[in-house]
Every structure is written in C-alpha cells, then in structure tokens.
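The values are calculated or read from the model by the stated rules, or taken from the named source; none is laboratory data. Bear in mind that the values here come from a model prediction, so they are computed numbers and not experimental data. Virtual Cβ from ideal backbone geometry, glycine too; neighbours counted across all protein chains shown.
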Amino acid sequence: MVYNDDGVFYLRTFYKETRTDDDIKKDELNINELLNLNNHTMCNQTFPDPFITCTFINDDLIFINLFLNADCKHVHFFYDLKNRKI
C-alpha cells in the first residue's frame, strides 16, 4: 500500500504473519528520503484521484507512481522489495 502523510510518501507492505508496530515501521519505505523529495505535496480531499498509486509487477517488483503537486511533476519508478532498491 502507498500513501501520503503530511507531504511524505510511504510504501507499506503487508504479510500473512502478524508484526509488531516496530517491525512495520522498520519495513516501511519513506519514498521522500529515497528520492530526495520535499514534503510540499498536500493532498486535496475533494480531488478524486490519488496522489500516489502502486501496482505489483510480480511478487517482488512494484511499479510506483506519484504526483508532486507543488512542482506539477509526475514521478514513476520500479521498486524491488526483495533487494530494497529502485
């Protein structure tokens, strides 16, 4: 799942096993840090489209796209969950 929280984009993964909050936070990807993005994107609740989405390509590869509204810029990339790399 991808989401935006106060201008910061995240990727959070889910597994079949129950995890602690600390385990979840350790595994969560801060996309702003990864791509060196600012936190100026604020979502508009009346805008029907999300500011970030993701699609599984296979079990380990995810396509992520996001919109930086302050810059009017789209960013798209593939993320490897297994190797934790773009």
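Of all residues in the range 1-44, which are of a type in the set (S, T, N, Q) and more than 19 Å from Asn65 (Cα to Cα)? Don't jump to the end; show me each part of the working.
Residues of the range 1-44 of a type in the set (S, T, N, Q): 4, 13, 18, 20, 30, 32, 36, 38-39, 41, 44.
Within the range 1-44, Thr18, Thr20 qualify.
Tell me whether the range 33-52 contains one or more residues that are closer than 16 Å to Met1 by Cβ, modelled with pLDDT under 95 and touching a Lys or Arg at 6+ places or on another chain (Cβ under 8 Å).
no
For residues in the range 1-48 being basic (Lys, Arg), assigned to a loop (DSSP other than H, G, I, E, B) and over 12 Å from the mean Cα position of the chain (by Cα), which is surrounded by the most Cβ atoms within 10 Å (Cβ to Cβ)?
Taking the range 1-48 as the starting set, the residues that turn out to be basic (Lys, Arg) are 12, 16, 19, 25-26.
From what's left, assigned to a loop (DSSP other than H, G, I, E, B): 12, 16, 19.
Those left that are additionally over 12 Å from the mean Cα position of the chain (by Cα): 16, 19.
Values: Lys16: 4, Arg19: 13.
Residue satisfying both the conditions and the ranking: Arg19.
Identify, please: which residue in the range 70-86 is part of a loop (DSSP other than H, G, I, E, B) and in contact (Cβ under 8 Å) with a residue 24 or more places away in the chain and is, among those, surrounded by the most Cβ atoms within 10 Å (Cβ to Cβ)?
Residues of the range 70-86 that are part of a loop (DSSP other than H, G, I, E, B), as a first pass: 70-72, 81-84, 86.
Adding the requirement that they be in contact (Cβ under 8 Å) with a residue 24 or more places away in the chain leaves 70-71, 81, 84, 86.
Values: Ala70: 11, Asp71: 12, Leu81: 16, Arg84: 10, Ile86: 10.
Ranking the qualifying residues of the range 70-86, first place goes to Leu81.
Of the residues that make up the range 71-84, is at least one in contact with a Phe, Trp or Tyr (Cβ under 6 Å, 6 or more places away or on another chain) and over 22 Å from Asp6 (Cα atoms)?
Narrowing the range 71-84 to residues in contact with a Phe, Trp or Tyr (Cβ under 6 Å, 6 or more places away or on another chain): 74, 78.
Applying the additional criterion that residues be over 22 Å from Asp6 (Cα atoms) yields 78.
Yes: the range 71-84 contains one or more residues that are in contact with a Phe, Trp or Tyr (Cβ under 6 Å, 6 or more places away or on another chain) and over 22 Å from Asp6 (Cα atoms).
Restricting attention to the range 49-69, which residues are surrounded by 11 or more Cβ atoms within 10 Å (Cβ to Cβ) and assigned to a loop (DSSP other than H, G, I, E, B)?
Passing the criteria: Pro50, Phe51, Ile57, Asp60, Asn69.
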